[in-house]
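The values are calculated or read from the model by the stated rules, or taken from the named source; none is laboratory data. Note that the structure is a prediction, hence the values are computed from the model and not measured. We place every Cβ from the backbone using ideal geometry, glycine too, and count neighbours over all the protein chains shown. These area figures cover heavy atoms from the full protein model, side chains too; ligands, DNA and RNA do not enter into them. Shrake-Rupley method; radii C 1.70, N 1.55, O 1.52, S 1.80 Å.
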Protein chains: 2
Amino acid sequence: MPTRLATAVANANIAFIKYWGNRDEKLRLPANSSLSMTLSGLETETTVEFSEGRAADEVIIGGQAQTGQARERVVAHLDTIRARAGIVWRARVESSNNFPVGAGIASSASAFAALSVAGAAAAGLDLTEPELSALARLGSGSAARSIPGGFVEWQAGSDDAPETSFAWSIAPPEHWDLVDVIAVVSQKHKAVGSTGGHALAGTSPLQAARVATAAERLQRCREALLTRDFPRFIEVVEADSNLMHAVMMTSTPPLFYWEPITLAIIKSVRRWRSEGLEVGYTIDAGPNVHCVCRSVSAAEVERRLRENLDVKTILVARPGGPARLRG
Amino acid sequence: MPTRLATAVANANIAFIKYWGNRDEKLRLPANSSLSMTLSGLETETTVEFSEGRAADEVIIGGQAQTGQARERVVAHLDTIRARAGIVWRARVESSNNFPVGAGIASSASAFAALSVAGAAAAGLDLTEPELSALARLGSGSAARSIPGGFVEWQAGSDDAPETSFAWSIAPPEHWDLVDVIAVVSQKHKAVGSTGGHALAGTSPLQAARVATAAERLQRCREALLTRDFPRFIEVVEADSNLMHAVMMTSTPPLFYWEPITLAIIKSVRRWRSEGLEVGYTIDAGPNVHCVCRSVSAAEVERRLRENLDVKTILVARPGGPARLRG
């Protein structure tokens, strides 16, 4: 049967100014603009194959045929792509990550970025990077930030024009030699995934205050990043992470993504910095701790995580490139 | 030499709706009203002896003569009492606690409550309970709540009339058989004491939102307490504790009073409750966890803390009586 096929690769990303909560759940229009680094080497590779005679979409992730909610979310995204391309063919989607899924490393970000790039190409859509970013956003908010490379800003955009909510690169990967030393303290699936969590953000009495002050933090973070001012940079990065977790812990029901070891690492990182090691932390919707430092300190940070805190699994990522077709 | 002497005993208290931040630091007028339980058996006993010929105030706590800030704070409180009584005699103050100091059990609350009751009596002042509570507040905010017995509300009061910021009993100790099973996970002194912490509250972008919603929580807590509705009660108690720690973690600099074991207990308590054991938690400005339950569950809560979480030191307190002169 006639088929149209494309394969794409996208990287995970780590947010320095966090995305938490939507002003429009369906369109995933975020409550605030965010800022991230695309992570080299933490990849999702996805192949989309549309076939004329196929009866239903087939979704395979990490070699496992998906059913239920996981499949539905991919099918919904394929429907969006098909509607834009004016096609009706069903697809076979095969996707794999090279990093643990569902433990605070944004696997849905790289997954929906790769799905968007591969799906659009296979469907014959010729989209710009902003268009691909806005498309990826519909599948998973933070996927908007896994389309561009390097250091990335995702603007909240306008309510009247959802297509203005997309991400772009504010500096290329080589702008700054930051390293994300990720202490993987749990590979378990989260009890409440990010999509469910975003929907709870508004139940915290603190979310409005976090959102109201996010633009100021983003500006401070952008300036510190563009001028490579590590002390100023890491101060606002940690503060923003703390604010997101404060909102999470005070939603109804409360979300405690941290584990005891998470807090132990937070406290150690702050002590190490006070003792002169240039490192800080940021934490996504999971227990893993992203220790952010410059290249010169990465080996020492990794050593201390292993030796002082007995962290067994550590991933090391540097600024990565944009999502791309594999040809 | 002529002397005038009095001895008083006051209990610690645990806040169910928290006090964090002042609208007037000097007068310790709190940012919001709070609600607490006076804790039987966690006592400070204080003797104040004014003597005509004494050259300087002498302050002995736990057998140790105090110098520096700890002494100055007591002297300042004696000055307030002397000014009201119109006396100039210096005093010898001897005070002792029967519980660990500076680890999140409000030792300054019972200490300044006992000091106020003993000091006022020794100085010949005849004060009402509200007057004693407002006096104690000037020494340590939460000491206002260690003057009355049972279940206690401290109203924020009026800016124009600081004497209206005092606490009173809303229900006697026998109203409800609540038990505070305190997991003492650290007896170390806090890096940042409560007085320093209160001064930082306003640096958190979340404090205003916490304060703005505190009156609603206090009302819900009071109603649940007066109707002995444990599920409704503990939900708002935990939420209010989470909100205070959210503010602490997002102040500049951030205050992390929790230790890893604190978070482990939080998560266990929530799981135990979901499995049917009626217990919840609240945490003051320290790492210890106050597990709150009814009398029927106290032994089981204590057993699980010891066996499942390896907590070595546990204090058990029930609703206690008011501060009183010892006679």
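One table, with the values for the structure above:
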read-out: Nm distances between copies for A:Glu223, ranked from closest, using label points 7 Å along Cα→Cβ; value: 4.6
read-out: A/B buried area, accessible surface, summed, 1.4 Å probe, Å²; value: 2100 Å²
read-out: For A:Ser40, residues with placed amide H under 5 Å, excluding near neighbours; value: A:Arg318, A:Gly320
read-out: Length-normalised contact order of chain A in % [C-alpha pairs under 8 Å, at least 6 apart]; value: 25 percent
read-out: Share of alpha-carbon pairs per 10 Å distance bin for the stretch A:3-174, given as whole %; value: 11, 42, 35, 11, 0
read-out: For B:Arg54, inter-copy label distances in nm, listed shortest first [label point 7 Å out on the Cα-Cβ vector]; value: 8.8
read-out: For residues of B:210-222, the mean tally of beta carbons on other chains within 10 Å; value: 1
read-out: Computed lengthening from A:Glu25 to A:Lys267, 0.36 nm per intervening residue step minus Cα-Cα distance; value: 83.7 nm
read-out: Linear extension gain, B:Ser274 paired with B:Arg326, 0.36 nm per residue minus alpha-carbon span; value: 14.3 nm
read-out: Using alpha carbons only: equivalent-ellipsoid semi-axes of the stretch B:176-317, gyration tensor based, whole Å; value: 25, 20, 12
read-out: Members of B:Lys188/B:Lys267; A:Lys18/B:Lys188; A:Lys18/B:Lys18; A:Lys18/B:Lys267; A:Lys26/A:Lys312 lying beyond 32 Å, as alpha-carbon distances in this model show; value: A:Lys18/B:Lys188; A:Lys26/A:Lys312
read-out: Inter-label distance, nm, simple model (7 Å from Cα along the C-beta direction), A:Gln155/A:Ile314; value: 3.9 nm
read-out: Computed over the stretch B:3-174: relative contact order in percent, which uses C-alpha pairs under 8 Å that are six or more apart; value: 28 percent
read-out: Whole-percent pair-distance distribution, where bins are 20 Å wide, for the alpha carbons of the protein assembly as shown; value: 18, 43, 27, 9, 2, 0
read-out: For the stretch A:186-305: accessible area per residue (Å², 1.4 Å); value: 36 Å²
read-out: Whole-Hz couplings from phi, Karplus 6.51/-1.76/1.60, listed for the stretch A:203-214; x for Gly and Pro; value: 7, 7, x, 9, 4, 4, 5, 4, 5, 5, 9, 5
read-out: Nearest-ten-degree value, helix B:68-85 long axis tilted from longest Cα axis of chain B; value: 60 degrees
read-out: Computed Kirkwood radius, in angstrom, where 1/r is averaged over Cα pairs of chain A; value: 19.8 Å
read-out: Nearest 10 degrees, 0 to 90: helix A:129-139 Cα axis against chain A principal axis; value: 90 degrees
read-out: Protein-protein interface of the stretch B:235-281, residues with accessible area decrease of at least 50 Å², isolated chain reference, 1.4 Å probe; value: B:Asn242, B:Leu243, B:Met249, B:Phe256, B:Trp258, B:Pro260, B:Leu263, B:Lys267, B:Arg270
read-out: Computed over the stretch A:170-277: relative contact order in percent, which uses C-alpha pairs under 8 Å that are six or more apart; value: 31 percent
read-out: Amide hydrogen neighbours beyond the local backbone of A:Thr313, cut-off 5 Å, H modeled; value: A:Val184
read-out: Accessible carbon and sulfur surface of chain B relative to its total accessible area, %, 1.4 Å; value: 51 percent
read-out: Other-chain or far-sequence residues with amide H under 5 Å of A:Asn32's (modelled H); value: A:Trp20
read-out: R0 of 35 Å, Cβ-Cβ distance B:Ala65-B:Ala299: FRET efficiency to nearest 0.05; value: 0.30
read-out: Label spacing, shortest first and in nm, from A:Thr80 to its equivalents in the remaining copies (7 angstrom along Cα→Cβ); value: 5.9
read-out: Surface accessible to a 1.4 Å probe, per residue, for the residues of the stretch B:3-174, Å²; value: 35 Å²
